[in-house]
Amino acid sequence: LKDQFDNLDKHTQWGIDFLEKYAKFVKERIEIEQNYAKQLRNLVKKYCPKRSPKDEEPRFTSCIAFFNILNELNDYAGQREVVAEEMGHRVYGELMRYSHDLKTERKMHLQEGRKAQQYLDMCWKQMDNSKKKFERECREAEKAQQSYERLDNDTNATKADVEKAKQQLNLRTHMADENKNEYAAQLQNFNGEQHKHYYIVIPQIYKQLQEMDERRTIKLSECYKGFADSERKVIPIISKCLEGMILAAKSVDEHRDSQLVIDCFKSGFEPPGDFPFEDYSQNIYRTISDGTISTPKQEGMRIDTKTTVSKAKGKLWLFGKKPKPQSPPLTPTSLYTSSTPNGSQYPIFSIEPVHYCMSDIKTGKPRIPSFRSLKRGYFCLQGPALEDFSHLPPEQRRKKLQQRIDELNRELQKETDQKDALIKMKDVYEKNPQMGDPSSLQPKLTETMSNMDRLRMEIHKNEAWLSEVEGKVAARSDRRHSSDINHLVTQGRESPEGSYTDDANQEVRGPPQQHTHPNEFDDEFEDDDPLPAIGHCKAIYPFDGHNEGTLAMKEGEILYIIEEDKGDGWTRARRHNGEEGYVPTSYIDVTLEKNSKGA
C-alpha cells in the first residue's frame, strides 16, 4: 500500500461517511421512539376516565382492569422515552462527537502524507536539475574537446587559436566535473529521502490511518452494543408492565360485575302476586244443574262482593294505583253457589258479574307488571327529581340519601376546619394587633357558623328520610302475604313511595300480621377514630420512604387505602399495624371499595 495514498484517502472518507450514516439512522430511530411514546401517552389520555367528585359509575372489574391496563401502557410509554433518551445520550451523541474528532485526525494525517510527498518531489526535482545540468556541461565539454582537436590538427591554425581552444576545453571539463559531483550528491540525497519516505514516513502515516480506521470500527461496534443495551435495560420493567396487564385481565370477575349491576339497579319492590282465577263458565254449569238436579241455594256460601274484586282493586302495583272509574257494585243476588256431581260446591256468577269483570278489565289498570322499575334505574334523572328522592325505588332512594349524607358530612367537616382556622387566626390577631384586625374576621366566622347550622339541618333531615326508607325496606322484607283458597284477599296496597298501607275497604279476614321495624340508624362518629379504609392496594415496586410523611413499602406488600390521589401523584395508605403515610400512586395497584365504611 506504499503507493496507494489516494485510495486510502477515499477509504477513510468512506468510513467517516458510514459512521455519520449510522448516526443518522440512530437519530431517526430516536424520533420514532419519541413519537411512539407520545402517541401511546395521547392514547392513554384519550381513554383514561375523567374522574369527577360526582362520578357514580359502578366500578366493574372489567373497567378497573382496563384502567389498570391503561396505567401499565402509560408506564410502557415512559420506558420507550427512556430508550430514546438512552440512545440519544450513549449512541447518537457519542457518534457525533467521535465523528468530529475523526475528521480532525484524518485531516492531520493526510496533511502529513502530502507534506512528505511534496518534500520527496522537491528532492527529485533538485536531483533532476543537477542531472540535466551535468548532462549539458558534458555535451559542452565534448564540443570544446572536438574544437580543440580540430584546431590542433589544422596546420593553418595559429598557436593562439589552439591555446584558446585548449583553455576552453579545460574550463568545460572542470565545470563538467563540478556538475558531476553535484549530481552525485543530489542523487545520493534523493535516494536517501526516497528510502526514508517509502520505508519510514509513509508507513508511519499509513499506520496512523490504519489505527484511526480500526478505532472507528471499534466505536461502531460499541455503538451497536449500546444501541441494543438501551433496549435491553428496560426489558425487565416492560415485562412487569406486560405482567401487570395479564394480572389485570385475570382480575376480571364476571360474577362480581353481575352483582354490581344487581346492586345498582335493585329497586326493592316485591314481585306482583298471582292472578286470581275468574270462572266465567258458571252460567253454563248453573243451567245444566237447574235442568237436571235442583240444588237449593245456600246463603252461607255467598261470597262477599268486596272480597270478590279485592284482587282487582287492591293489587300491589310497582308504582301505586291511579284512579279509575267506579263500576256499579255487585249485588248479593248476583252470586250463587252450585254443586258438582261429586258433592263439591263452588261459586257461580250471573251475567252481571261477568259484565262487571269485563268492564273492570277494560277500564282498570293493567295487571301485567311493567318494566318501569328497570327503566328508572337508567332514566331516573329524566323525570322531576324530588328533594327526598321519593320518585325512586326504595333501594335506589336509600343509596341516593346515603350518598347525599356522606357529601354533607364532608362539607360540614370542611366548614368545621375553616371555623377552627378562623378562630385561631382571630386569637393571633387579638394577641398581636399589628398583624390584623380581629373584627375583620367576624363576618366570615358568622357566615361559616351559619353554613354549619344549615348543613347540620340538612344532615338531620336526610338522616330522617334514610331512617324512614330503611324502616320501610326492612318491613317489606319481613312482610308475608296471606291469601285464602281462591286468592281473593290481599293484605295491603302500595303507596307511590313504594311503602305499603292498609286499605279500610280491603279488610283481611284473619289475624293481622305483626311487623317488626329495626332500630333507627345511628350514624354518629367520634373525632378520634382513625380514617376509614376506602380500599386496598398492592405494592408493584419497592419504595424507601425516607422523606417525612411517607411510608416505606416492599414489593408485593398489601396496604389499606385511606385517602385517594388528589392529583399530586401521592396516595395515603395504612399498614396492618396502624402506621400511616403517603406512597407514590404509580408504585401501587389500587382497588377501591364502593361505599366502603372502613376496614
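Tabulated data
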item: Rg over Rh [alpha-carbon atoms, Kirkwood Rh] for the range 77-212; result: 1.55
item: Computed magnitude of the charge dipole of the range 535-592 (debye, nearest 20; Cβ of K, R +1, Cβ of D, E -1); result: 140 debye
item: Local electrostatic count at Phe18 - Lys and Arg +1, Asp and Glu -1, tallied over other residues with Cβ under 12 Å; result: +1
item: Relative contact order [Cα under 8 Å, 6+ residues apart], the range 394-474, whole percent; result: 51 percent
item: Karplus-derived HN-Hα couplings along the range 143-154 (A = 6.51, B = -1.76, C = 1.60, θ = phi - 60°), whole Hz, x at Gly and Pro; result: 5, 5, 5, 4, 5, 5, 4, 5, 5, 5, 8, 7
item: Computed accessible area, Glu407, all protein chains, 1.4 angstrom probe, square angstrom; result: 70 Å²
item: Sites Asn547 and Ile262 - FRET efficiency at Förster radius 45 Å, r taken between beta-carbons, to 0.05; result: 0.50
item: Base-10 log of normalised Debye intensity for the range 535-592 (one unit scatterer per alpha-carbon) at q = 0.17, 0.20, 0.27 Å⁻¹; result: -0.43, -0.60, -1.18
item: List Lys554, Lys225, ordered by accessible area with a 1.4 Å probe, largest first; result: Lys554, Lys225
item: For the range 97-141 and the range 411-472, distance of Cα centres in Å; result: 99 Å
item: 18 Å Cα-Cα threshold exceeded, pairs from Lys240/Lys554; Lys10/Lys207; Lys21/Lys107; Lys21/Lys103; Lys399/Lys461; Lys240/Lys566; result: Lys21/Lys107; Lys240/Lys566
item: Amide proton proximity set for Ile588, modelled H, under 5 Å, gap of 5+; result: Ile540
item: Order of exposure, largest accessible area first, which applies to Trp465, Trp570 with probe 1.4 Å; result: Trp570, Trp465
item: Heavy atoms of Tyr119: accessible area, 1.4 Å probe, square angstrom to 10; result: 100 Å²
item: Options Gln118, Asn7, Ala37, ranked by Cα towards positive dipole end of the range 1-139, top entry (Cβ charges); result: Gln118
item: List Ser230, Ser281, ordered by accessible area with a 1.4 Å probe, largest first; result: Ser281, Ser230
item: Relative contact order, percent, the range 535-592 [alpha-carbon distance under 8 Å, six or more residues apart]; result: 39 percent
item: Pairs of Cα atoms farther than 29 Å apart, the range 4-257, %; result: 65 percent
item: Rounded to the nearest 10 Å², the accessible area of Ile238 at probe 1.4 Å; result: 20 Å²
item: Whole-Hz couplings from phi, Karplus 6.51/-1.76/1.60, listed for the range 575-592; x for Gly and Pro; result: 7, 5, 7, x, 6, 10, x, 9, 10, x, 5, 6, 9, 10, 10, 8, 10, 8
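The values are calculated or read from the model by the stated rules, or taken from the named source; none is laboratory data. This structure is a prediction, so every number in the text was calculated from the model and none was measured. Reconstructed Cβ throughout: ideal geometry from the backbone, glycine too, with neighbour counts over all protein chains shown. Note: accessible area is taken over every heavy atom of the protein model, side chains too, but ligands, DNA and RNA are not part of it. Shrake-Rupley method; radii C 1.70, N 1.55, O 1.52, S 1.80 Å.
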